[in-house]
């Protein structure tokens, strides 16, 4: 009897841990500001502290996110290292980014990480000064986003949500 209870408890623990694999930080909080990897970057620091070089150079202290729709109708999320140092993002799973589709009131109608599974492996992405990472966001074709008007995307490093940005779905 005790053996069965112990086996049942182990199975429940395993199921609980497996269910948590796809979970993510709730959209709306920015718990990763200034805390991704080695802490040498922020995500939208004070503009008063930024140093600009004619609009084309490096802006000191910022990771610059962008979200653009390509010719195939897919969104491309890009994060550019605009700091003066190399930046390393440490990840606790194979997930590198997350995204949400929101309606006009800002309510989430679809969250990518709630429908995806990720391998539980440590990883990192390192960006030298001026380098960028790009990810193609593939919205599920069979999903009806019921009033979804905005796509919000962010990185998911160890320190929490970083480099958030958004775009209108029907541009």
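The values are calculated or read from the model by the stated rules, or taken from the named source; none is laboratory data. Keep in mind that this is a model prediction, so the values were computed, not measured. Note that each Cβ is placed from the backbone with ideal geometry, even for glycine, and that neighbours are counted across all protein chains shown.
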When you look at residue 134, is it loosely packed, with under 14 Cβ neighbours inside 10 Å and either under 23 Å from residue 71 (Cβ atoms) or touching a residue at least 60 places away in the same chain (Cβ under 8 Å) (or both), yes or no?
-> yes
Would you point out which residue out of 134, 113 is in contact with a helix residue (DSSP H, G or I) (Cβ under 6 Å, 6 or more places away or on another chain) and within 24 Å of residue 73 (Cβ to Cβ)?
-> 113
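Kindly indicate whether residue 125 is under 16 Å from residue 64 (Cα atoms) and without any contact (Cβ under 8 Å) to a residue 40 or more places away in the chain.
Values: under 16 Å from residue 64 (Cα atoms): yes; without any contact (Cβ under 8 Å) to a residue 40 or more places away in the chain: yes.
Yes; evaluated as a whole, the condition is true for this residue.
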Scan the stretch 71-86 for residues that are touching a strand residue (DSSP E or B) at 6+ places or on another chain (Cβ under 6 Å), free of Cβ contacts under 8 Å to residues at least 60 places away in the same chain and either surrounded by fewer than 13 Cβ atoms within 10 Å (Cβ to Cβ) or under 21 Å from residue 101 (Cβ atoms) (or both) and report the count.
-> 1
Take the stretch 55-90 and flag every residue that is within 20 Å of residue 161 (Cα to Cα) and at pLDDT below 85.
-> 61
